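Participant: Please find one structure pasted underneath; my questions will follow.
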Amino acid sequence: MSIRLYVLLLLLPVLVGGCASFRAKNRQDACEKMIKDYNRMIRWQEAEKAGIAFVDAKQRPNFDKGAEALRRRGVTVADYRILAKECLVEKKKAESTVEFDYFVMPNNRLKTVTDHQSWIFIEENPAEPELKEGWRLVSPLPEFK
């Protein structure tokens, strides 16, 4: 009986560490997916929906104003490129740099803007069940001049 207990005590740190490692990998994957999905929505002129899905609640009013300005001005995003992304899971933050190619009619001249995005990881909080765990954007939309 004592051998089993000894083996179990030896394996316990490995099992606990494996769970933490698995959770970190899931958060890393989720971060990369959120960055891709958010930028894809901006590319397809779905800024309002992107705001609902990805933007931190404290940043939403400012983000919504920017999204409305894009729609009213008729900004059309033609393409985007994710130049860099870094998901720091242990620090619960991420950064990404994205270029958007766009035009504003009636001028069909293609322009490019660089967007430096900041993300944070929100943990599930039983006191606020409406806040779902996940990555949230905390930076505003870039200025599409």
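The values are calculated or read from the model by the stated rules, or taken from the named source; none is laboratory data. Since the structure is predicted, the reported quantities are computational estimates derived from the model, not experimental observations. Because the Cβ atoms are built from the backbone with ideal geometry, glycine has one as well, and the counts that use them run over all protein chains shown. Note: accessible area is taken over every heavy atom of the protein model, side chains too, but ligands, DNA and RNA are not part of it. Shrake-Rupley method; radii C 1.70, N 1.55, O 1.52, S 1.80 Å.
Each row is one residue, and each column tells you yes or no for (1) touching a helix residue (DSSP H, G or I) at 6+ places or on another chain (Cβ under 6 Å); (2) in contact (Cβ under 8 Å) with a residue 60 or more places away in the chain; (3) not in a strand (DSSP E or B).
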site: Asn62; (1), (2), (3): no, yes, yes
site: Arg71; (1), (2), (3): no, no, yes
site: Ile82; (1), (2), (3): no, no, no
site: Cys87; (1), (2), (3): yes, yes, no
site: Ser96; (1), (2), (3): yes, yes, no
site: Ile120; (1), (2), (3): no, yes, no
site: Glu124; (1), (2), (3): no, no, yes
site: Lys132; (1), (2), (3): no, no, yes
site: Pro140; (1), (2), (3): yes, yes, yes
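Participant: On to the next question. For the stretch 79-126, which positions are more than 16 Å from Lys145 (Cβ to Cβ) and among the hydroxyl-bearing types (Ser, Thr, Tyr)?
Facilitator: Tyr80, Ser96, Thr97, Ser118
Participant: Next up: Kindly indicate the residue of the stretch 43-60 that is open to solvent by less than 60 Å² (accessible area, probe 1.4 Å) and touching a helix residue (DSSP H, G or I) at 6+ places or on another chain (Cβ under 6 Å) and also farthest from Leu137 (Cα to Cα) among those meeting that condition.
Facilitator: Step by step, filter the stretch 43-60, then rank; the result is Ala47.
Participant: Considering Val98, Val104, Val89, which residue is within 18 Å of the chain's Cα centre (by Cα), closer than 15 Å to Glu143 by Cα and of a type in the set (A, V, I, L, M, F, W, C)?
Facilitator: Numbers: Val104 fails: within 18 Å of the chain's Cα centre (by Cα); Val89 fails: closer than 15 Å to Glu143 by Cα.
Exactly one residue qualifies, and that residue is Val98.
Participant: May I pose another question? Mind checking whether some residue in the stretch 65-74 is basic (Lys, Arg) and closer than 13 Å to Ile35 by Cβ?
Facilitator: Looking for residues that are basic (Lys, Arg) and closer than 13 Å to Ile35 by Cβ, one finds none in the stretch 65-74, hence no.
Participant: Residue by residue through the stretch 107-142, note down the ones that are modelled with pLDDT of 95 or more and over 14 Å from the mean Cα position of the chain (by Cα).
Facilitator: Arg109, Leu110, Lys111, Thr112, Val113, Thr114, Pro142
So that you can scan it fast, the table gives a plain yes or no per residue for (1) within 21 Å of Lys49 (Cβ to Cβ); (2) open to solvent by less than 50 Å² (accessible area, probe 1.4 Å):
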site: Asp79; (1), (2): yes, no
site: His116; (1), (2): no, no
site: Glu124; (1), (2): no, no
site: Arg136; (1), (2): yes, yes
site: Pro142; (1), (2): yes, yes
site: Lys145; (1), (2): no, no
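Participant: Further question: Being farther than 14 Å from Leu141 by Cα, at pLDDT 95 or above and in a helix (DSSP H, G or I) is the requirement here; does Lys33 meet it?
Facilitator: yes
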